[in-house]
Amino acid sequence: MNRGEIAVIEIRKRIIAGEMKPGHRLKEKELCQLFGLSRTPVREALKRLETEGLVTISPNRGARVVKLTKSDLSHLYEMLFTIEGAAARLACSAISEAQIGKLMEYHEWFIQGMKENNYKHLRQVNYQFHKLITEATGNPYLMESWSNLRLLWTRLSDLMLSPRFPEIVKASLEEHLEIANSFRKRNPAAAEFAMRSHLETGKKIIFEHIDRWEDAPEG
């Protein structure tokens, strides 16, 4: 692993964890001192993170952690509705009984995370739940599209599955079970509807609190 890749991993990790908050200025000198690197690998890392949608770079303002605006969220949700809705529909006929069993296992883990108020655990389980459904389609193009959205989706998940939005956590528990049950019944239309409804719940609650989005720390 070269120095540029190390910088990418470390900065990305801090952004997703909320240590580097939306709008935070990423000063090259400070990053060099933080990671013990020269300016070249740090600059390469910032350019890489810009392509991933985590950093914005401008001539006058330098590099900053990207802020997701209401418009950005709308566009992101449009893609999630399309990609994850299609994934649920396609997975319904392809998903194995073992994979459905794994979804139910994730559901139990989610319950445990709620009991422990372990939001890091909840986010990890939530990610694995959605990832398994996408992988179950066996469609490499859909999987690639989902993967390209993964980092922004992860940031959104970090915001939603947090103590600030307990209503989303509770709704996710019920909606995950509904999605899994639609797979058990092998009902593609129901699976797609359940997935879209699941995403719509998060969108609705986030948009009701949009004014708090700009100021609230992520995580």
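The values are calculated or read from the model by the stated rules, or taken from the named source; none is laboratory data. These numbers were taken from a predicted model, which means no experiment stands behind them. Every residue, glycine as well, gets a Cβ built from its backbone with ideal geometry; the counts of neighbours run over all protein chains shown. Please note that ligands, DNA and RNA were not included when accessible areas were found on the heavy atoms of the full protein model with its side chains. Shrake-Rupley method; radii C 1.70, N 1.55, O 1.52, S 1.80 Å.
Below is a table of values for the structure above.
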| item | result |
| --- | --- |
| Ellipsoid equivalent to the stretch 1-101 - semi-axes via the Cα gyration tensor, in Å | 34, 18, 11 |
| Rough spin-label spacing in nm, given labels placed 7 Å along Cα→Cβ, for Leu132 and Ser197 | 2.1 |
| Contour minus Cα-Cα distance for Asn181 and Glu144 (0.36 nm per residue) | 10.7 nm |
| Mean separation of Cα contacts under 8 Å (6+ apart) over length of the chain, as relative contact order % | 25 |
| Residue among Ile57, Leu103, Ile168 farthest towards the positive dipole end of the stretch 42-192, charges placed on Cβ | Ile57 |
| Charge dipole of the stretch 4-43 about the Cα centre (unit charges at C-beta), most positive-ward option of His24, Val8, Gly36 | His24 |
| The chain, accessible surface, carbon-and-sulfur percent (1.4 angstrom probe) | 51 |
| Shape metrics for the chain, restricted to C-alpha atoms - Rg then Dmax, Å | 18.5, 57 |
| Span-rule helices in the chain, defined as complete DSSP H runs reaching 24 Å or more along the axis (Cα) with Kyte mean at least 0.0 | 70-94 |
| Reachable lysines, given that their alpha-carbon falls under 24 Å from the alpha-carbon of Lys203 and they are not under 8 places away in the same chain | Lys21, Lys67, Lys70, Lys120, Lys131, Lys170 |
| Per residue accessible area of the chain, 1.4 Å probe, in Å² | 51 |
| Long-range HN-HN contacts of Val55 with modeled amide H, under 5 Å | Glu50, Val66 |
| Cα centroid separation - the stretch 55-83 against the stretch 130-145, whole Å | 23 |
| Net length gained if the chain between Lys204 and Ser96 were fully extended (0.36 nm per residue, minus Cα distance) | 35.7 nm |
| Residue with peak Gaussian network fluctuation, the chain [Cα springs, cutoff 10 Å], from Gly138, Gly62, Gly85 | Gly62 |
